[in-house]
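Presented below is the structure to which this report refers.
The values are calculated or read from the model by the stated rules, or taken from the named source; none is laboratory data. Worth saying up front: this structure is predicted, and the values here are computed from it rather than measured. Please note: Cβ atoms are built from the backbone with ideal geometry, for glycine as well, and neighbour counts cover all protein chains shown. Areas reflect the complete protein model, heavy atoms only, side chains present, ligands, DNA and RNA absent. Shrake-Rupley method; radii C 1.70, N 1.55, O 1.52, S 1.80 Å.
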Amino acid sequence: MSIYPQKHKKVIVIGAGVSGLATGIRLASQGFDVTILEANDYPGGKLSEFRLGNYRFDAGPSLFTMPQLVEDLYRIAGKKPESFRYKKLEEVCRYFFPDRTRFTAPANPEQLARTIASELGETPETVSRYLTRSRFKYETIGSLFLERCLRKLSTFFNHRAFRAYLNLGKLGLFRSLNSYNKSIFQNPKTVQIFNRYATYNGSDPYQTSAVMSMIPHLEFGIGAFFPEEGMIQITGSLVNLAKESGVELILNSPVRKLETNGNRITGVRTESRFYEADLVVSAIDVSQTYSKLLGMKGQGDVYLNLPKSTSAIIWYLGISKATPETGLHNIFFSHDYRKEFEDLFQRKAMPSDPTIYLNISSKERKGDAPDNSENWFVMVNAPANEGQDWDRIIPETRANVLKRLSEELGFDVESAIEEETVLEPRTLESRTGSVGGALYGSNSNSPFAAFLRHANYSSAFRNLFFCGGSVHPGGGIPLALQSAALVSEYVKEKHE
Ligand SMILES: Cc1cc2nc3c(=O)[nH]c(=O)nc-3n(C[C@H](O)[C@H](O)[C@H](O)COP(=O)(O)OP(=O)(O)OC[C@H]3O[C@@H](n4cnc5c(N)ncnc54)[C@H](O)[C@@H]3O)c2cc1C
């Protein structure tokens, strides 16, 4: 039973991605009457699945960290999280370097230190010290900036904040991740492995702050996981929890307009009807909320113009061959990592030699592909869509990618393709509403990026809130779930 007085107050959540579903669950547990309106005919947004012939694919995210954020939602909904089953990975990623060096990163931090020492020539102490600092950064700054509102003075005047100020030098706020990694590791390959963590939020290791060196703690300190049913299990579990919590989920209902009266939103309008609302939570791209739903072009532009994270081209391939040298997560690094990021962020162009991420969920979940076959999710980072000539870029990049994979794995990949489809910046944008098809909203290349993201509430409308990858604290499943927690706190504060 809810302890909150607003039992029958009506909340409309726009968008049924993970953040919208999580917000729905949280607000329903606070006693609100919640309806989620979703444009697509399926929930989950970027986190959805589809089949091609005998192959199943998770469409978007493939790396699952911080499962406790999903489990929290079970507890909030008064359920036991036991039905949400996942396993901790023993191996984090297999790396393939252009000179044919291969390196498999074990998840265990001591084992990682030993393996990097023996195969890449660092000392085990250097690696262990790096991971200890990664943890320190995560615990000092992560909890400060990710779990709290950056618009409140109290965030900056408390013991956690003072601890961060005292350690500013160690946090590396004003140097790049690459420069930090180069100052620690001897081998450029180790630098490249740890530089890659910038891409976990769609940023550039040569620009983003060394604070991002906290991300390896998520994988090696807390763990990388795989949901038993694949990533779609996260969406499925949240949908079930939302329904069990009394949330109404209405698909095929794109919201066209927010109706206002002074500083209040009175409700939302779809093609077919008007939904009255006491509170509205927008779980879609914030710039779309301003420009398209509120018609506030200027206000929307501020967020529209924040530099975007990377987008991606993803080929989903049913491959009629088993490849024992690959694992669940595989990276085939480009020859020139710096140039790749200059292309992506400065020239906004597709690199001709992109780093390739190959995810094969059938390694963990056999039913995802027929026997002796594999479901390949082949992703390359791409610039966010600004009208580049994708019809030329996509086939060219496909040819480069298949050539590289064929050389590395020793067989003609093209001839093993049984099923194929592609997702690219334009279709990512049209299917999820993320501007430019950016995977993680705006990028974190500037040390001030966290302060530029939109807050989780509106200062113009007192009953409008925001969650999801385009607002504070940022993109990726854990942060999108965290944004839902922040919205529920603000709602408590403002409406109790
Ligand atoms: C290819 C890819 C790979 C990724 N890899 C990872 C990964 O490995 N790990 C990780 O943690 N994260 C990853 N991410 C990022 C992660 O998927 C997102 O940060 C997260 O899913 C965002 O959730 P969301 O709720 O903010 O938004 P979305 O998932 O974008 O959901 C928004 C929803 O709103 C709906 N909508 C839009 N406009 C309207 C409207 N007007 N009316 C009604 N509904 C509307 C959309 O249809 C959509 O369902 C990846 C993303 C992609 C695309």
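When segment 416-460 is filtered for residues that are touching a strand residue (DSSP E or B) at 6+ places or on another chain (Cβ under 6 Å), hydrophobic (A, V, I, L, M, F, W, C) and more than 12 Å from the ligand (Cβ to nearest atom), the ones remaining, listed by number, are 416, 417. Do any residues in segment 255-281 that are in a loop (DSSP other than H, G, I, E, B) have Cβ atoms under 6 Å from those of residues that are open to solvent by 80 Å² or more (accessible area, probe 1.4 Å), where the two are at least six apart or on different chains, and which pairs are they? Listed pairs, sorted by first residue: 263/462.
The set of residues from segment 71-116 being closer than 19 Å to residue 217 by Cα and assigned to a helix (DSSP H, G or I) comprises 109, 110, 111, 112, 113, 114, 115, 116. Of all the numbered requirements in (1) open to solvent by 50 Å² or more (accessible area, probe 1.4 Å); (2) more than 26 Å from residue 485 (Cβ to Cβ), residue 436 misses one, and that requirement is (1). Looking across segment 414-432, the residues that are over 21 Å from residue 14 (Cβ atoms) and among the aliphatic types (A, V, I, L, M) come down to 416, 417, 422, 423. On the stretch given as segment 189-206, residues that are open to solvent by 20 Å² or more (accessible area, probe 1.4 Å) and out of contact with any helix residue (DSSP H, G or I) (no Cβ under 7 Å at 6 or more places or on another chain) total 3.
Residues that are among the polar types (S, T, N, Q) and under 17 Å from the mean Cα position of the chain (by Cα) were ranked within segment 53-84; the one that is farthest from the ligand (Cβ to nearest atom) is 68. The residues on offer are 406, 415, and the sole one that is exposed (fewer than 14 other Cβ atoms within 10 Å of the Cβ) and not in a strand (DSSP E or B) is 415. Quick one: is residue 470 within 15 Å of the ligand (Cβ to nearest atom), in contact with a Leu (Cβ under 9 Å, 6 or more places away or on another chain) and either open to solvent by less than 10 Å² (accessible area, probe 1.4 Å) or among the hydroxyl-bearing types (Ser, Thr, Tyr) (or both)? The answer is yes for residue 470. Could you list all residues from segment 29-52 that are more than 9 Å from the ligand (Cβ to nearest atom) and in contact with a Leu (Cβ under 6 Å, 6 or more places away or on another chain)? Correct list: 34, 41. Considering segment 278-296, the residues that are open to solvent by 10 Å² or more (accessible area, probe 1.4 Å) and more than 11 Å from the ligand (Cβ to nearest atom) include one that is farthest from residue 437 (Cα to Cα), namely 278. Among the residues of this structure, residue 19 does not count as one that is assigned to a loop (DSSP other than H, G, I, E, B), within 22 Å of the chain's Cα centre (by Cα), within 14 Å of the ligand (Cβ to nearest atom) and of a type in the set (Ser, Thr, Tyr). When residue 240 is tested against (1) crowded, with 22+ Cβ neighbours inside 10 Å; (2) away from the ligand (no atom under 14 Å from the Cβ); (3) under 23 Å from the mean Cα position of the chain (by Cα), only condition (1) is not met.
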